[in-house]
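To start, the structure itself, in structure tokens.
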Amino acid sequence: METTVIQTVTIQQTLWPALLLIAAGTFAMRAVPFIWVHKHLAKQDGSSALPPWLGILGSCTTAALCGISMVPGDQVLSDHSLTAWLATGLGILATLLVWRKTRSMGLPILAGVMAFGIALMIPA
């Protein structure tokens, strides 16, 4: 199968809107919580000091979305099977357990995504 110049141009033209949408979504995941908390704290006590978890929230959200998108489970998840529900439950449980132990944001995300992926790879 040979790719022609017309096909390549068509792919590129349809790819740019998707990339712009991804960029806008990534920006919104980082900016909206920051702006909301900043305004909420300013109204509440006049302080503009932001909580430390807010600086990490956007990066962790992006990391979680990136990690979960790399897990090969699209066909299992589209069937809404018991395996998908169990994998989701195990991912949440692993995330909560690691968070309780470490009180950080990076390791729980990694543990949850890994537990989710491993649960999907186990044959049903």
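Key figures
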read-out: ³J(HN,Hα), Karplus 6.51/-1.76/1.60, whole Hz, each residue of segment 17-33, x for Gly, Pro; value: x, 5, 5, 5, 5, 5, 5, 5, x, 5, 4, 5, 4, 8, 7, 4, x
read-out: Cβ-defined net charge surrounding PRO108, 14 Å radius [Lys, Arg +1; Asp, Glu -1]; value: +3
read-out: Order of exposure, largest accessible area first, which applies to THR14, THR26 with probe 1.4 Å; value: THR14, THR26
read-out: Added length on full extension, which subtracts the Cα-Cα distance from 0.36 nm per residue, TRP85 to ALA28; value: 17.7 nm
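The values are calculated or read from the model by the stated rules, or taken from the named source; none is laboratory data. In this text, all values refer to a predicted model and were calculated from it rather than measured experimentally. No Cβ is skipped: glycine too gets one built from the backbone with ideal geometry, and neighbour counts run over all protein chains shown. Heads up: the accessible areas ignore ligands, DNA and RNA and are worked out on the full protein's heavy atoms, side chains in. Shrake-Rupley method; radii C 1.70, N 1.55, O 1.52, S 1.80 Å.
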